[in-house]
Amino acid sequence: MREFRYERPTTVAEAIRAVAHDPEADFLAGGTTEVDLMKDGVLHPDLLVDITRLPLRGVRRNGTMLQVGALTTMEELAADHTLAERAPFVVEALLRGASVQLRNMATIGGNLLQRTRCRYFRDPAVPACNKREPGSGCEAVNSVARMHAILGASPACIALHASDLAVPLVALDAVVHIESEEGERLVPLTQFYLMPGETPDRENVLRHGELITAIDIPLPPEGTRSLYLKIRDRASYEFALTSAAVAVIMDGAVIKDARVAMGGIGTIPWRGFEAEEVLREAPATPETFRSAADGTIRDPFLVPGTAFKVELAKRTLIRALTEVTS
Amino acid sequence: MTTLTVNGTEYPLDLADPRVTLLDALRDRLDLTGTKKGCDQGACGACTVLSDGRRVLACLTLAAQCDGREITTIEGLESHPMQDAFVRHDAFQCGYCTSGQIMSAVALLGENRAGTDADIREYMSGNLCRCGAYSNIVAAVREVARHA
Ligand SMILES: Cc1cc2nc3c(=O)[nH]c(=O)nc-3n(C[C@H](O)[C@H](O)[C@H](O)COP(=O)(O)OP(=O)(O)OC[C@H]3O[C@@H](n4cnc5c(N)ncnc54)[C@H](O)[C@@H]3O)c2cc1C
Ligand code: SF4
Ligand code: FES
Ligand code: FES
């Protein structure tokens, strides 16, 4: 690990200033991505600004919204009663991610900013990785890929966004509070992430020195049923091969309204707008679910190792919809 | 000087170079070698300790982040029933993962999540055992949870 300086400011303004004025500085939250990648030699900040003791922790109810401080841990948010009652799929996504130890450390802000698990990105001995070294090529496209994206990918990068939490949050139209020396701005999570295109090193709209201070989670109407289904190589403590976050309002056997997002398939957490269109005012039947799935997984970018995800993703969504509507 | 509080004792620590993880501080500086280094990357759970009562991974925690926190390691458990249960159920072979397993299991009891075997498996999944002593680990945890 390269040498760095460590600072722990006590105010948000000081933390922002410290990072904004040093191009090589990073924020440090739970450290489960940052310290891990520093050990790997992928990240090498010269200054770590520890934000874990800033007063940005806790969950507040604000009308039909939950405002979650960016430094709330995954375990703390998973224990929130309102969330469990009104949007249980968010709690399910949290508890199916990582392990208890990691979730006690990992913060909500950090979770949304976690870096891809692409093993070539995480291994500086691999020369070709456009995300790590812009312009160097993409090893995953040319050799073995499996835990990679099939939607939103480009020949320059097929890295997956691996957050489970982000999947139900994009389904609910969560909003990110971002603070900088210029003030605060709000960005919907559905517009926060950037697809790789030719610049896979740019993953989201955050500029250097901008701090996520909170996430707003709009609560779905009472009576909404929701579910997070995660398909993976082992029963627990593993990233998703595919996952689906679904929330529906039913009127008998008819779906009045639906929200759909998928994980494990996109370079960004994938909102299923097409599926929602198909589901709205439609009968809850296998045919409806199949066409929702076909509408979501369109024009995939495939390499041999990821081709299996097309049918797996469709069946994941169909199963999630079947379970949540029955 | 940073002060690290481990098992109720305060240790002064020179962190002029802040690269020291909590795990390395415990093992190399404080001579508390009960906490093990498996992967050193947050994947195996061998380094599990409690920070203010919550289980965390010492390998991904910087020592500098710990001042003001109460750290508890396996050395800080005073003949906890979980240790005894691990011995009686033969819940290990090489023993390398064991202190992490026990710290995790002790935290699990406090979280009230040891109701069923399925829950024990799920909430202990962050602790890998290469010797595959899982069924005996579950048996040990189940027994202590039932008598808790
Ligand atoms: C073994 C393992 C298994 C895992 N399994 C899963 C899983 O199954 N599902 C899943 O979703 N995740 C999983 N994760 C990822 C984990 O959830 C993330 O590493 C974690 O959520 C990151 O949060 P953190 O607080 O530790 O962030 P940090 O590591 O502290 O920070 C991450 C990045 O975000 C920046 N940052 C952090 N907070 C802010 C902020 N408020 N404003 C601006 N920038 C900020 C940091 O500078 C850094 O670049 C796993 C991780 C490990 C190590
Ligand atoms: S998929 Fe993206 S992160 Fe992985 S090697 Fe290619 S460019 Fe790098
Ligand atoms: S040594 Fe910390 S998790 Fe493996
Ligand atoms: S007893 Fe050997 S790793 Fe668990």
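Select from region B:41-56 the residues that are in contact with a Leu (Cβ under 9 Å, 6 or more places away or on another chain) and more than 7 Å from chain A (Cβ to nearest Cβ) and list them in ascending order. Selection gives B:ALA43, B:CYS44, B:ALA46, B:CYS47, B:VAL49, B:SER51. Restricting the first member to region B:27-52 and to residues that are not assigned by TED's automatic domain parsing to the domain that holds B:ALA107, and the second to residues that are among the aliphatic types (A, V, I, L, M) and in a loop (DSSP other than H, G, I, E, B), the beta-carbon pairs closer than 7 Å and six or more apart or on different chains are B:LYS36/B:ALA46; B:LYS37/B:ALA46; B:GLY38/B:ALA46; B:CYS44/B:LEU128; B:GLY45/B:LEU128.
Candidates A:ALA20, A:ALA25: the one that is away from chain B (no Cβ under 13 Å) and out of contact with any Leu (no Cβ under 7 Å at 6 or more places or on another chain) is A:ALA20. Could you please find all residues in region A:221-241 being closer than 20 Å to A:GLU323 by Cβ, open to solvent by less than 30 Å² (accessible area, probe 1.4 Å) and within 14 Å of chain B (Cβ to nearest Cβ)? Within region A:221-241, A:LYS230, A:SER236 meet the criteria. Going through (1) within 14 Å of the chain's Cα centre (by Cα); (2) closer than 22 Å to B:THR5 by Cα one by one, B:SER79 falls short only on (1). Being within 14 Å of chain A (Cβ to nearest Cβ), under 10 Å from B:ALA63 (Cβ atoms) and open to solvent by less than 50 Å² (accessible area, probe 1.4 Å) is the filter here, so list the residues in region B:1-35 that pass it. B:THR2, B:LEU13, B:LEU15, B:PRO18, B:VAL20, B:THR21, B:LEU22, B:LEU23, B:ASP24, B:ALA25 - these are the residues of region B:1-35 that are within 14 Å of chain A (Cβ to nearest Cβ), under 10 Å from B:ALA63 (Cβ atoms) and open to solvent by less than 50 Å² (accessible area, probe 1.4 Å).
Restricting to strands (runs of 3 or more DSSP E) lying wholly in region A:157-226: which have 3 or more residues that are within 30 Å of A:TYR237 (Cβ to Cβ)?
Working: elements: A:175-180, A:183-188, A:211-218.
The strands (runs of 3 or more DSSP E) meeting that bar are A:211-218.
If you go through region A:160-189 and keep only what is open to solvent by 10 Å² or more (accessible area, probe 1.4 Å), within 14 Å of the chain's Cα centre (by Cα) and not β-branched (Val, Ile, Thr), you end up with A:LEU160, A:HIS161, A:ALA162, A:ASP164, A:ASP173, A:PRO188.
Here are some conditions: (1) basic (Lys, Arg); (2) under 30 Å from A:ILE51 (Cβ atoms); (3) in a loop (DSSP other than H, G, I, E, B). A:ARG298 meets all but one. Which one does it not meet? Answer for A:ARG298: the failing condition is (2). Considering only residues in region A:127-149 that are within 21 Å of the chain's Cα centre (by Cα) and part of a loop (DSSP other than H, G, I, E, B), the one that is nearest to ligand 3 (Cβ to nearest atom) turns out to be A:MET147. Listed here are the helices (runs of 4 or more DSSP H) enclosed by region A:51-126 that have at least 1 residues being within 19 Å of A:LEU219 (Cβ to Cβ): A:74-78, A:81-86, A:88-95, A:108-112. Can you say whether B:ASN136 is within 16 Å of ligand 3 (Cβ to nearest atom) and either modelled with pLDDT of 95 or more or part of a helix (DSSP H, G or I) (or both), as far as the supplied structure shows? Spelling it out, it is not the case that B:ASN136 is within 16 Å of ligand 3 (Cβ to nearest atom) and either modelled with pLDDT of 95 or more or part of a helix (DSSP H, G or I) (or both). The residue that is farthest from B:ASP52 (Cα to Cα), among those in region A:74-109 that are open to solvent by less than 30 Å² (accessible area, probe 1.4 Å) and of a type in the set (Gly, Ala, Ser), is A:ALA87. Is there a residue being in contact (Cβ under 8 Å) with a residue 40 or more places away in the chain, within 23 Å of A:ASN104 (Cα to Cα), within 13 Å of ligand 4 (Cβ to nearest atom) and open to solvent by 50 Å² or more (accessible area, probe 1.4 Å) anywhere in region B:97-106? The answer is no; no qualifying residue exists. A count restricted to region A:20-50 and to residues that are part of a helix (DSSP H, G or I) and out of contact with any helix residue (DSSP H, G or I) (no Cβ under 7 Å at 6 or more places or on another chain) stands at 5. Total residues in region A:28-47 satisfying the condition of being more than 9 Å from chain B (Cβ to nearest Cβ) and within 13 Å of B:GLN65 (Cα to Cα): the figure is 1.
Residues satisfying the criterion are present in region A:129-144 (criterion: closer than 18 Å to A:LEU37 by Cα and of a type in the set (Lys, Arg)). Kindly check whether there is at least one residue in region B:74-96 that is under 24 Å from B:LEU26 (Cβ atoms) and within 14 Å of chain A (Cβ to nearest Cβ). Checked against the condition, which is being under 24 Å from B:LEU26 (Cβ atoms) and within 14 Å of chain A (Cβ to nearest Cβ), region B:74-96 yields no hits at all.
Hey, can you tell me all the residues within region A:4-17 that are under 26 Å from A:GLU182 (Cβ atoms) and at the interface with chain B (Cβ under 9 Å from one of its Cβ atoms)?
Taking region A:4-17 as the starting set, the residues that turn out to be under 26 Å from A:GLU182 (Cβ atoms) are A:5, A:7-17.
Result: A:ARG5, A:ARG8.
If the condition is being over 14 Å from the mean Cα position of the chain (by Cα) and farther than 16 Å from A:MET105 by Cβ, then region B:25-48 contributes B:ALA25, B:ASP28, B:ARG29, B:LEU30, B:ASP31.
The values are calculated or read from the model by the stated rules, or taken from the named source; none is laboratory data. Just so you know, these numbers come straight off a predicted model, no measurement behind them. Using ideal geometry, Cβ is built from the backbone for each residue, glycine included, and neighbour counts are taken over all protein chains shown. When the accessible area is computed, the model is the full protein with side chains, heavy atoms only, and any ligands, DNA or RNA have been set aside. Shrake-Rupley method; radii C 1.70, N 1.55, O 1.52, S 1.80 Å.
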